[in-house]
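Shown next, in structure tokens, is the structure this report addresses.
The values are calculated or read from the model by the stated rules, or taken from the named source; none is laboratory data. Computed from a prediction, not measured in an experiment: that's the story for all the values here. All Cβ positions, glycine included, derive from the backbone under ideal geometry; neighbour counts span all protein chains shown. For accessibility, only protein heavy atoms count, side chains too; no ligands or nucleic acids. Shrake-Rupley method; radii C 1.70, N 1.55, O 1.52, S 1.80 Å.
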Amino acid sequence: MAYVSMGEAHRRITEYLNRFCDAVSYQDSSTLCRLLSFSSNSPPLLSLADALNVFQVHASSLIRQSDKFSEYGEILAHLFRSLQSYRFGNLVEAYLAFEKFANAFVQEFRNWESAWALEALYVVCYEIRILAEKADKELTSNGKSPEKLKAAGSLLMKVFGVLAGKGPKRVGALYVTCQLFKTYFKLGTVNLCRSVIRSIETARIFDFEEFPRRDKVTYMYYTGRLEVFNENFPAADTKLSYALQYCNPKRERNIRMILKYLIPVKLSIGIIPKDELLQNYNLHEYTKIVQALRKGDLRLLRHALQEHEDRFLRSGVYLVLEKLELQVYQRLMKKIYIIQKLSDPARAHQLKLEVIAKALRWLEMDMDLDEVECIMTILIYKNLVKGYLAHKSKVIVLSKQDPFPKLNGKPVGS
């Protein structure tokens, strides 16, 4: 931290105060955003923090000395205290001061008739979430209970309430909703998303199409993930496909995040992605799973799930992928059927369970006939195979017309 004289510190603080007040007076949202972006670690904000640490208690008196500054005294005093603590790495103290600043700013925003400061409010919402996450890490490292992100969620709900009304400010509600989603997903309290979703999707004051595209994409991504967790794959497909379609093509990281969930959904409804897609977006964890589905190779599927188990568990798609086993069994049976049709066309529709068991043993999947019969029963029940089981003769008799129905974009068993 470079040495700063008292005079230089006074100049930097006064300059910041003038820029803040001018930005509000002239409704200059872009300047106000830059003045509030803590996490950017911009040189001007860092130099201001150094000046505040030199000036110490004199900064608040500097605010009170001028009518121009004192109008926003409560906002600025809390902001300065937060910035000072942030510069010193005292993240919990920085969060507490920023929370007070955010409450004061939201109250001021409520009093402004127009929506000119929406982008600045977005910055405040983003910063409170990021700062809360950092503060919780500090608390955890000190052996204390992390609680700031939960508090940030409460503040974000307050902001949502301010925006959830008639008038031009309501277009900001979806951005705040997305910040709430990120908060709830981080906390593991995704059930809290439901009330916000109801407000967005059922309230008459909101027209989804009037929201900015960026926010609609983020919203569809998170609600799509929720549908994946609920195993509502058609809805998940619709929402995640929307997010992919309208995502900025230059944002490859965001596209990859969407595909991490969309690919398991597509696989679950019988749609297999091209190899180029997996390569282009570095989604190699799905390569062997796709190969297993194409080949009907149960061993390959299980090895792929085991190899990337931690990654799939963290993203919450492991159980979705595990259920692809039924489709793999279907493809294996289809391969056996095709081979038998070539050698004995007249009896192709009659598959002995022993033949299926041999194919599984070749794949190092040792099963007795009772286990094979159980799996065949499930495949028939789930409409992945058309036919019936002849229990006494240990044969599955396939329908001569379309014995292996395609899913056609529908979940297994629907």
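What number of residues within the range 277-303 satisfy the criterion of being assigned to a helix (DSSP H, G or I) and within 24 Å of the chain's Cα centre (by Cα)?
10
Inspect all residues belonging to the range 36-59 and state whether any of them is at pLDDT 85 or above, open to solvent by 70 Å² or more (accessible area, probe 1.4 Å) and under 25 Å from residue 133 (Cα atoms).
Yes: one or more hits.
Could you please find all residues in the range 9-32 being farther than 19 Å from residue 71 by Cα and either polar (S, T, N, Q) or modelled with pLDDT of 85 or more (or both)?
Matches in the range 9-32: 11, 12, 30.
Would you point out which residue out of 254, 248, 232 is of a type outside the set (Phe, Trp, Tyr), open to solvent by 40 Å² or more (accessible area, probe 1.4 Å) and touching a Leu at 6+ places or on another chain (Cβ under 9 Å)?
So the residue among 254, 248, 232 that is of a type outside the set (Phe, Trp, Tyr), open to solvent by 40 Å² or more (accessible area, probe 1.4 Å) and touching a Leu at 6+ places or on another chain (Cβ under 9 Å) is 232.
Residue 336 passes all but one of (1) under 32 Å from the mean Cα position of the chain (by Cα); (2) surrounded by 15 or more Cβ atoms within 10 Å (Cβ to Cβ); which number fails?
All conditions pass for residue 336, except number (1).
Condition first: of a type outside the set (A, V, I, L, M, F, W, C), out of contact with any helix residue (DSSP H, G or I) (no Cβ under 6 Å at 6 or more places or on another chain) and touching a residue at least 12 places away in the same chain (Cβ under 8 Å). Now tell me which residues in the range 271-284 satisfy that. Spell out the reasoning first.
Of the range 271-284, the ones of a type outside the set (A, V, I, L, M, F, W, C) are 273-276, 279-282, 284.
Those still in the list that are out of contact with any helix residue (DSSP H, G or I) (no Cβ under 6 Å at 6 or more places or on another chain) too: 274-276, 279-280, 282, 284.
Result: 275, 282.
Report, by residue number, each residue of the range 180-192 that is open to solvent by less than 50 Å² (accessible area, probe 1.4 Å) and in a loop (DSSP other than H, G, I, E, B).
Here is the first cut: in the range 180-192, the ones open to solvent by less than 50 Å² (accessible area, probe 1.4 Å) are 180-181, 183-185, 189-190.
The one that is open to solvent by less than 50 Å² (accessible area, probe 1.4 Å) and in a loop (DSSP other than H, G, I, E, B): 189.
Give 195, 241 a once-over and let me know the one that is modelled with pLDDT of 95 or more and open to solvent by 30 Å² or more (accessible area, probe 1.4 Å).
Values: 195 fails: modelled with pLDDT of 95 or more.
Step by step, each of 195, 241 is checked, and only 241 is modelled with pLDDT of 95 or more and open to solvent by 30 Å² or more (accessible area, probe 1.4 Å).
Quick check: anything in the range 210-228 among the aliphatic types (A, V, I, L, M) and out of contact with any helix residue (DSSP H, G or I) (no Cβ under 8 Å at 6 or more places or on another chain)?
From the range 210-228, those among the aliphatic types (A, V, I, L, M) are 217, 220, 226, 228; that's our starting set.
Adding the requirement that they be out of contact with any helix residue (DSSP H, G or I) (no Cβ under 8 Å at 6 or more places or on another chain) leaves none.
No, the range 210-228 contains no residue that is among the aliphatic types (A, V, I, L, M) and out of contact with any helix residue (DSSP H, G or I) (no Cβ under 8 Å at 6 or more places or on another chain).
Conditions tested, residue by residue: (1) touching a residue at least 24 places away in the same chain (Cβ under 8 Å); (2) over 22 Å from residue 175 (Cβ atoms); (3) surrounded by fewer than 20 Cβ atoms within 10 Å (Cβ to Cβ).
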residue	(1), (2), (3)
63	yes, yes, no
70	no, yes, yes
73	no, yes, yes
82	yes, no, no
104	yes, no, yes
131	yes, no, no
151	yes, no, yes
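Please enumerate the residues belonging to the range 1-28 that are among the small types (Gly, Ala, Ser) and either open to solvent by less than 20 Å² (accessible area, probe 1.4 Å) or not in a helix (DSSP H, G or I) (or both).
2, 5, 9, 23 - these are the residues of the range 1-28 that are among the small types (Gly, Ala, Ser) and either open to solvent by less than 20 Å² (accessible area, probe 1.4 Å) or not in a helix (DSSP H, G or I) (or both).
List every residue pair whose Cβ atoms lie under 7 Å apart, where the two residues are 6 or more positions apart in sequence or sit on different chains, the first residue falls within the range 134-147 and is more than 12 Å from residue 94 (Cβ to Cβ) and in a helix (DSSP H, G or I), and the second residue, located anywhere, is among the hydroxyl-bearing types (Ser, Thr, Tyr) and at pLDDT 95 or above.
Correct list of pairs: empty, since none qualify.
For the range 193-255, which helices (runs of 4 or more DSSP H) that fit wholly inside it have 1 or more residues that are in contact with a Cys (Cβ under 8 Å, 6 or more places away or on another chain) and closer than 20 Å to residue 161 by Cα?
213-229
Determine which member of the set 381, 388 is open to solvent by 30 Å² or more (accessible area, probe 1.4 Å), under 17 Å from residue 325 (Cβ atoms) and out of contact with any Asp or Glu (no Cβ under 6 Å at 6 or more places or on another chain).
Only one candidate qualifies: 381.
Can you name the number of the only condition in (1) small (Gly, Ala, Ser); (2) over 17 Å from residue 217 (Cα atoms); (3) modelled with pLDDT of 95 or more that residue 270 fails?
For residue 270, the exception is condition (3).
Go through (1) free of Cβ contacts under 8 Å to residues at least 40 places away in the same chain; (2) in contact with a Pro (Cβ under 6 Å, 6 or more places away or on another chain) and name the single condition residue 115 misses.
Residue 115 satisfies every listed condition except (1).
Can you confirm whether residue 176 is part of a helix (DSSP H, G or I) and touching a residue at least 60 places away in the same chain (Cβ under 8 Å)?
no
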